[in-house]
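*Asks:* Structure provided below as structure tokens; questions to follow.
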Amino acid sequence: MLRYLTGRLLRAVLTILLVITFAFFVLHLSGDPAMMILSADAPPESIKAFRAAWGLDRPLWVQYLAYVWNALHGDLGDSMRDGRPAIQLVLERVPATLAITVPAFLLKLVIGIPAGIYAALHRNSLADRLTMMVSVAGFTVPSFVLALVLVLVFSVQLGWLPSAGSDSAKSAILPIVTLGIAGAAILARFTRSAMLEVLGQPYIRAASAKGLQWREVVVQHALPNAAIPTTTIVGFMVGTLIAGAVVVESVFAWPGIGRLLVSSVSNRDLAVVQVILLLVAATMVTANIVVDVIYGWLDPRLRRSSHGR
Amino acid sequence: MGGKGRVRRFFEAWPPLTLLALGWIALMVIVAFGADVLAPYSFTALDLRARLHPPVLMGGTWTHPLGSDELGRDVLSRLIMSIRLSLLIAFFGTMIAAAFGTAMGFVAAHFRGKVEGVILMLIDFQASMPFLIIALAVLAFFGNNLALFVMLMGLNSWERYARIARGLTLSANEQGYAAAVRQLGASNLRVYGLHVLPNIASTLIVSMTITFPETILLESGLSFLGLGVQPPLTSLGNMVGYGREYLTRAPWIMLSPAAVIVLSTLSISIVGDWLRDRLDPTLR
């Protein structure tokens, strides 16, 4: 187990390093930021001064090493737009993003998992078919369409909720519901197929055959085993808490990370985009490691084997 | 009895829902190919006297069956052009992903060792980052250019094909046939292209029915954010993004492209499920 975890940790560090490298090179090979920030007809002296000030006149690999070195010390550069440290700019937006993604995540769990379990236990019933139909919609309706339809109904037609902004707590409802519904549909589908897979196993029949109540079979044998694959998808959802709201935040003008990303991308604010990329990668990687630890706890086979998979 | 039985057998092989989905896909393909002939107006033609006309179903006239937008452009004509561009982008994106991913899978399975390690690491990396974030970074920093955008759509799901191709090739190499043709002196290209590929094709085709709708959603999402297809070109996502500004006054601008996106992705998923059951019952 320990060796397994060390391996995973090493891979996590590697992934982060890969993201830093990817971000750095993509962003730097893509064009001269001096030309973008100043206009193309700026005097050569000021372009030169700008490049010197941001270290853009050094060889690329020197810039890269300096970037990694600084990143390791928590210094991720300043925003080229307003001069403040990029990390500060990004961290300011984290609470707003979490304010909609965390409730949405809870909504997904509370609706998705029970619906999936219920559908699997009542296979081919009306409720099962309904769940499956809604969950197909969760895959095929893009979040911006769902968001706009909700706005059309609840803001334009009924006038119950604000269509955009973040002035009151009511503004958060539509973003949360948009994110939650789609996620719940996906989670229900995964939970259902995980449950069906487990219910088809011989040990379930054996447990029923030895005279256990169906309830006990489900609670003691089916649910713990179905929890293993479901954990993976839940872990992935935790990993996307920061990144998952790009489109929804843009639709609802919600002042979170996602909207900051879209605006920094159109402003070509290199430092801010890099910080967001790193933040996203770090959450994904952390969530993956947590999932691995939970696996070890859920699945005794993993705990005992020393070399993992 | 005989006639009835035949009808029932027909619908068992071709469920009505699948037929509807296939019909919708066929319609979309016809629209995409015949866009120039089918569009009643030029998609950029302005008619300032006919601004924000409602569609027929909302009390409008047949001059603009799906209504017109703020500049008096015909929504139906724009929709037809958008369907063409969105489908083209999704088609080429899916093809690039399938070709590149499958090739990477073959390479990994053929060379093993370090090469395989690197490819597996790239697969892990891709799977661990939400692609929308990567796409946003790449797109905005390289600027907007249709060719680059299509390439980017192709990068979206290559790892799925690579993983499948690698796994299936590894097991194919264990089986007799690959070794047999190799013994007969076939080149690697021949072994993988003519012998392994046809054997794993059905699984790859089923994967395409999963990645094609994903690509449509990714394209429309980026275009919706204003970071995908750029005006004067128009795609389904662009139309929804533009229509969002007129949500209160002219919801029809946004509703018809949104409906096309949903119906198309839904249809391809339904056909995909059906194909999976027919071609490859082992895949779930």
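*Asks:* Per Stokes-Einstein, at 4 °C and 1.567 mPa s, what whole-number D in µm² s⁻¹ belongs to the protein assembly as shown, with the Kirkwood radius over Cα pairs as the hydrodynamic radius?
*Replies:* It diffuses with D of about 49 µm²/s by this estimate.
*Asks:* A further question on this structure: Assign one of three labels to chain A, namely rounded, prolate or oblate, based on the Cα gyration tensor with a ≥ b ≥ c the square roots of its eigenvalues; rounded applies when a/c is under 1.5, prolate when it is not and a/b is larger than b/c, and oblate otherwise.
*Replies:* oblate
*Asks:* Okay, moving on. Show me the ranking of peptides B:28-39, B:265-276, A:191-202 by mean Cβ neighbours inside 10 Å, starting with the highest.
*Replies:* In decreasing order of mean packing, B:28-39, B:265-276, A:191-202 become B:265-276, A:191-202, B:28-39.
*Asks:* Is there a quick way to get the dipole size of the protein assembly as shown? I mean about its Cα centre, with the Cβ of Lys and Arg at +1 and of Asp and Glu at -1; what is the value in debye to the nearest 20?
*Replies:* Around 1880 debye, computed over the protein assembly as shown.
*Asks:* Whole-Hz Karplus ³J(HN,Hα) for the range B:221-228, in order, using 6.51 cos²θ - 1.76 cosθ + 1.60 and θ = phi - 60°, x for Gly and Pro?
*Replies:* x, 5, 5, 4, 6, x, 10, x
*Asks:* Between B:R51 and B:L22, what's the calculated FRET efficiency when r is the beta-carbon distance and R0 is 45 Å? Round to 0.05.
*Replies:* E between B:R51 and B:L22, to the nearest 0.05, is 0.75.
*Asks:* A further question on this structure: Under 24 Å between alpha carbons, and skipping anything fewer than 8 positions from A:K170 in its own chain: which lysines qualify?
*Replies:* Within the straight-line limit of under 24 Å, A:K170 reaches these lysines: A:K108.
*Asks:* Turning to a different aspect of this structure: Filter the trypsin sites (Lys or Arg not before Pro) in the range B:99-178 down to the DSSP loop ones having no more than 14 other Cβ atoms within 10 Å, then list what survives.
*Replies:* The qualifying sites are B:R112.
*Asks:* So, one more: Grab the DSSP H runs of the protein assembly as shown that are 4 residues or longer, score each as -39,500 (n - 2.57), total them, divide by all residues and round the 222 nm result to the nearest 500 deg cm²/dmol.
*Replies:* -23500 deg cm²/dmol
*Asks:* Less than 15 Å Cβ to Cβ from A:I87, Lys/Arg counted +1 and Asp/Glu -1: what total charge do the surrounding residues give?
*Replies:* Net of charged neighbours comes to -2.
*Asks:* A follow-up question, please. Each label point is 7 Å from the Cα along the Cα-to-Cβ direction; what then is the distance between the points at B:L184 and A:T6, in nm?
*Replies:* 5.0 nm
*Asks:* Oh, and also: Can you pull the mean other chain C-beta count within 10 Å for peptide A:133-142?
*Replies:* 5
*Asks:* Which residues' amide hydrogens lie under 5 Å from the amide hydrogen of B:S68, considering only partners 5 or more residues apart or on another chain, with H built in the peptide plane?
*Replies:* Placed amide hydrogens put B:L52, B:H53, B:V75 under 5 Å from B:S68.
*Asks:* With θ taken as phi - 60° and the coefficients 6.51, -1.76 and 1.60, list the Karplus ³J(HN,Hα) couplings across the range A:225-238 in order, rounded to whole Hz; mark glycine and proline as x.
*Replies:* Here the 3J(HN,Hα) series is 6, 6, 5, 5, x, 5, 4, 4, 6, 5, x, 4, 5, 4 Hz.
*Asks:* Within 10 Å, count the other beta carbons around each residue, average over each peptide in B:48-58, B:121-131, and list them highest first.
*Replies:* B:121-131, B:48-58
*Asks:* Calculate, in nm to one decimal, what B:S42 and B:T63 gain on full extension: separation in residues at 0.36 nm each, minus their alpha carbon distance.
*Replies:* 6.2 nm
*Asks:* Related question: Among the lysines, select those whose C-alpha is under 29 Å from the C-alpha of A:K210, and discard any that sit fewer than 8 residues away in the same chain.
*Replies:* Candidates past the 8-residue exclusion: nothing left.
*Asks:* Further question: Ranked from highest to lowest mean number of other Cβ atoms within 10 Å per residue, what is the order of the peptides A:123-130, B:257-264?
*Replies:* Final packing ranking: B:257-264, A:123-130.
*Asks:* Within 10 Å of each Cβ in peptide A:145-152, how many partner chain Cβ atoms are there on average? Round it to a whole number, please.
*Replies:* Per residue, the average neighbour count from other chains is 5.
*Asks:* Also, quick follow-up: Based on alpha-carbon centroids, what's the gap between the range B:45-97 and the range A:129-171 in Å, whole number please?
*Replies:* 23 Å
*Asks:* Which residues among the range B:214-241 fall inside the zone where the amide N is under 18 Å from a point 7 Å beyond the Cα of A:N267, along Cα→Cβ?
*Replies:* B:226-227
*Asks:* So, one more: Residues with amide H under 5 Å of A:D78's amide H, sequence separation 5 or more or different chain, H placed in the peptide plane at 1.01 Å from N; which?
*Replies:* A:A86
*Asks:* When a/c reaches 1.5 or more, the comparison of a/b and b/c decides; with that in mind, is the range B:139-284 rounded, prolate or oblate per its Cα gyration tensor?
*Replies:* prolate
*Asks:* Determine which aspartates and glutamates satisfy two conditions relative to A:K48: a Cα distance under 13 Å, and not lying fewer than 8 residues away in the same chain.
*Replies:* Partners within reach: A:D32, A:D57.
*Asks:* Measuring from centroid to centroid over Cα atoms, what is the spacing of the range A:197-272 and the range B:1-40 in Å?
*Replies:* Spelled out, the Cα-based centre of one part sits 35 Å from the other.
*Asks:* What does the extension gain come out to for B:V118 and B:L71, with contour length at 0.36 nm per residue minus their alpha carbon separation?
*Replies:* 11.7 nm
*Asks:* What is the spin-label model distance, in nm, from B:E174 to B:F10 if the labels are put 7 Å beyond Cα along the C-beta direction?
*Replies:* Result for the modelled spin labels: 4.4 nm.
*Asks:* Continuing with the same structure: Could you work out the mean count of beta carbons from other protein chains within 10 Å of each residue's beta carbon in A:242-248?
*Replies:* Mean partner shielding for this stretch: 3.
*Asks:* What does a probe at B:L279 reach in the range B:12-46, counting residues whose amide N is under 19 Å from the point 7 Å along Cα→Cβ?
*Replies:* Within reach of a label on B:L279, which here means backbone N under 19 Å from a point 7 Å along Cα→Cβ, the range B:12-46 contributes B:13-15, B:18-26, B:29.
*Asks:* Which value, in debye to the nearest 20, describes the size of the charge dipole of chain A about its Cα centre when Lys and Arg Cβ atoms bear +1, Asp and Glu Cβ atoms bear -1, and nothing else is charged?
*Replies:* With only Lys, Arg, Asp and Glu charged at Cβ, the dipole is about 1340 debye.
*Asks:* For the range A:239-246, just list the computed ³J(HN,Hα) in residue order, Karplus coefficients 6.51, -1.76 and 1.60, θ = phi - 60°, integers in Hz, with x standing in for Gly and Pro.
*Replies:* Residue by residue, the range A:239-246 yields x, 9, 4, 7, 8, x, 10, 4 Hz.
*Asks:* Follow-up question, since we're still on this one. Rounded to the nearest 20 Debye, what is the dipole magnitude of the range B:128-266 about its Cα centre when Lys and Arg each give +1 and Asp and Glu each give -1 at the C-beta?
*Replies:* For the range B:128-266, the charge dipole is close to 180 debye.
Rule-based calculations on the coordinates, nothing more; no lab input. Here the structure is a predicted model, which means the values were calculated and not measured. For neighbour counting, all protein chains shown are included, and Cβ atoms are generated from backbone atoms with ideal geometry for every residue, glycine included.
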